[in-house]
Amino acid sequence: MGLHDCASHPAGTRACYVSHKCRCVDCTGANLEYYHEWNRARLEREHGSRQSKYVDADVPRRTLARIRAAGIGLRTISKRTGLSRSSMRLLAMGERQRVLKSTARLLAEVASEELTT
């Protein structure tokens, strides 16, 4: 990787990288950036857009607090949801900023069952 020596294209373009085989740092970086964007678009076309499997922990944290305020302990919640007590304790203490969507769904199910009866 040397200095940009192409007079036809400005430094840092994919055109210079491809057409004139310029391998300066700027042109190589431009080609790499293009490749990453192209590959991301290809994966979205083939597999659909990627959605995060995580959600913000605020709503599940409030849900867990409501369940516990109703007199249901972590051990019981753990048995009902299949979640570990330690992960729920960390959620309750604010140590988790995000949780799996499935965790949020499980807590919401327990809340709807326990708090509506």
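No lab work stands behind these numbers, since they all come straight from the coordinates. These numbers were taken from a predicted model, which means no experiment stands behind them. Every residue, glycine as well, gets a Cβ built from its backbone with ideal geometry; the counts of neighbours run over all protein chains shown.
Quick one: check the C-alpha center-to-center distance for segment 4-64 versus segment 83-115, whole angstrom.
35 Å
Work out which helices of the chain, taken as complete DSSP H runs, extend at least 20 Å along their axis over the Cα atoms and score a mean Kyte-Doolittle of 0.5 or more, then list them.
What comes out of the filter, once short or polar helices are dropped, is none.
For Y35 and L3, FRET efficiency with R0 = 25 Å and r from the beta-carbon atoms, rounded to 0.05?
The value I calculate is 0.65.
Rounded to the nearest 500, what is the chain's calculated 222 nm mean residue ellipticity when only DSSP H runs of at least 4 contribute -39500 (n - 2.57) each, over all residues?
-19000 deg cm²/dmol
Kindly identify the chain as rounded, prolate or oblate by the Cα gyration tensor criterion: order the square roots of the eigenvalues as a ≥ b ≥ c, call it rounded if a/c is under 1.5, otherwise compare a/b with b/c, prolate if a/b is larger, else oblate. Numbers along the way, then the final one.
Details: a/c = 5.72, a/b = 3.76, b/c = 1.52.
Judged from the Cα gyration tensor, the chain comes out prolate (a/c at least 1.5, a/b above b/c).
If I stretch the segment between H47 and S112 completely, what's the gain in nm (0.36 nm per residue apart, minus their alpha carbon distance), one decimal?
Taking 0.36 nm per residue and subtracting the Cα distance, the gain is 20.0 nm.
Within the chain, what's the longest stretch lacking trypsin sites (Lys or Arg not before Pro) that sit in DSSP loops with no more than 11 other Cβ atoms inside 10 Å?
Values: sites that count: K21, R50, K53.
By the stated rule (loop sites, at most 11 other Cβ atoms within 10 Å), 54-117.
For S84 paired with V59, estimate the spin-label separation in nm (one decimal), with each label point 7 Å from Cα along the Cα-to-Cβ line.
The two pseudo-label positions are separated by 2.6 nm.
Can you sort I72, I67 so the residue with the fewest Cβ neighbours within 10 Å comes first?
So the residues, fewest neighbours to most, are I72, I67.
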